[in-house]
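Enquirer: Have a look at this one.
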Amino acid sequence: MPPLADVHLHYNGNQEGVVDPEEAIAILKQQNVKLAVVSSTPPELALALRNAGGDWVIPLFRPYFSEQQRHRWFADRTVLPLARKALASGEYKGIGELHLIAGLGPGRKNKILHGLIQLGIEFDVPLLIHIETSSERYFIPLCQQYPKARFLIAHAGGLLDADQMGNLLTTCGNVWTEFSARDHMRYVQSPIVDDNGNLLPGWRKLIEQHPQRFMIGSDPFWPVEKEMAMEEPDTGWLHVNDYLDFHRHWLKELPDQTRRKLEIENAQAFFRHQGQ
């Protein structure tokens, strides 16, 4: 099984009772994951996973102290000082996952959003951004305003198709993306593969055009619900093998050099870490 970087992991409070940190690390090792990027609610749980696994586990600072903050972090004045403290500690190597949801917020002029991007630039760390929108034009003004920021767009844009994602990558050279949750269990309304699990032509062409801009992730979140209370167990870690096996299937279609880039090399370059 080829080595893999999983750049979209969570270890949240409602997952602790399903798998402990050591069990989560064992699942990643079973998949031959050599580099893992994790953000958590609350954020200190990302450090628990790093402590269980070692420095090949890269913690990001996610400014969600409860699941409800997913939709209101951008109104919390404590976020910026806490983010600065977290990054200054050296324990956290990036910011995110941040949810930007059209119609819910934050607006593109939100001071906390801009402050987090500025902290990413100041500390020279990337930002993992989840955009939930029907158009790539929603994010383009931000990536153009901050050319020194490094943005990793979660879920290959989620609802975006290959043409839309391609426009975002072409317009903003400081944007990368990853395919977590674009699988047979989540985002089924915007597939990247056909009924046989083969990569759709538009996505294959886009990868060929930008082979250094794509990565792989699992996003261990299940069941899929719009609002999930933190007291409800999240069993996503029990599906990590399913999520990553899905991506390994279509990755086999790519030329070896391109496949290796998506599997691990792009993540190693982006996060500046070789992994284990």
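Enquirer: Need one number: nm distance between label points at ALA26 and GLU91, each 7 Å from Cα along Cα→Cβ, rounded to one decimal.
Expert: 2.6
Enquirer: ALA269: net charge of surrounding residues, Cβ under 13 Å, Lys/Arg +1, Asp/Glu -1, itself excluded?
Expert: So the environment of ALA269 carries a net charge of +3.
Enquirer: Where in the range 149-249 are there GluC sites (Glu not before Pro) that are in a DSSP coil and have at most 11 other Cβ atoms within 10 angstrom of their Cβ? Mind showing how you got there, number by number?
Expert: On the way: sites: GLU178, GLU208, GLU225, GLU227, GLU231; in loops: GLU225, GLU227, GLU231.
Loop-located and lightly packed - GLU225, GLU227, GLU231.
Enquirer: Helix check for the chain. Which DSSP H runs span at least 20 Å along their own axis by Cα, with a mean Kyte-Doolittle hydropathy no less than -0.5?
Expert: Details: long enough: none.
Length and hydropathy pass: none found.
Enquirer: Also, quick follow-up: Along the range 54-65, what does the Karplus equation 6.51 cos²θ - 1.76 cosθ + 1.60 (θ = phi - 60°) give for ³J(HN,Hα), rounded to whole Hz, x for Gly and Pro?
Expert: x, 6, 6, 9, 9, x, 10, 8, 10, x, 10, 9
Enquirer: Stretched out fully, how many nm does the piece from THR78 to ARG260 gain, at 0.36 nm a residue minus the Cα gap?
Expert: Fully extending the segment from THR78 to ARG260 adds 61.5 nm.
Enquirer: Amide H of GLY96 versus every other amide H placed in the peptide plane: which residues, excluding those fewer than 5 positions away on the same chain, fall under 5 Å?
Expert: Excluding prolines and chain starts, which carry no amide H, the hits are PHE61, ARG62, LEU128.
Enquirer: I would also like to ask the following. Summing +1 for each Lys or Arg and -1 for each Asp or Glu, what net charge is found among the other residues whose Cβ lies under 11 Å from the Cβ of GLN145?
Expert: +3
Enquirer: Could you compute the net charge surrounding ASP55? Neighbours are other residues with a C-beta less than 14 Å from the C-beta of ASP55; K and R count +1, D and E count -1.
Expert: Cβ neighbours under 14 Å give a net charge of +3.
Enquirer: For the range 122-185, what does the alpha-carbon gyration tensor say about shape, rounded, prolate or oblate, given a ≥ b ≥ c as the root eigenvalues, a/c under 1.5 as rounded, and a/b over b/c as prolate?
Expert: Because a/c hits 1.5 or more and a/b fails to exceed b/c, the range 122-185 counts as oblate.
Enquirer: From the P(r) of the range 1-40, could you give the percentage of C-alpha pairs in the tail past 12 Å? Spell out each step's value before the answer.
Expert: Values: 452 of 780 pairs.
Of the Cα pairs, 58 percent sit more than 12 Å apart.
Enquirer: Considering only DSSP beta bridges with both partners in the chain, what is the antiparallel share in %, to the nearest 5?
Expert: 10
Enquirer: Looking at the chain as a GNM with Cα springs under 10 Å, which of MET185, MET215, MET165 has the largest mean-square fluctuation?
Expert: Looking only at MET185, MET215, MET165, the biggest GNM fluctuation is shown by MET185.
Enquirer: If each DSSP helix of 4+ residues adds -39,500 (n - 2.57) and the sum is divided by the residues in the chain, what number results at 222 nm, nearest 500 deg cm²/dmol?
Expert: Taken over the chain, the calculation gives -9000 deg cm²/dmol.
Enquirer: Students often check this: by mean Cβ neighbours within 10 Å, which of 48-57, 138-147 ranks highest, and how do the rest follow?
Expert: On the way: 48-57: 17.9, 138-147: 16.1.
Order by mean packing, descending: 48-57, 138-147.
None of the figures in this text is laboratory data; all of them are computed from the coordinates on show. Keep in mind the model is a prediction, meaning the values are calculated, not measured. Cβ sites come from the backbone with ideal geometry, for glycine too, and all protein chains shown count toward neighbours.
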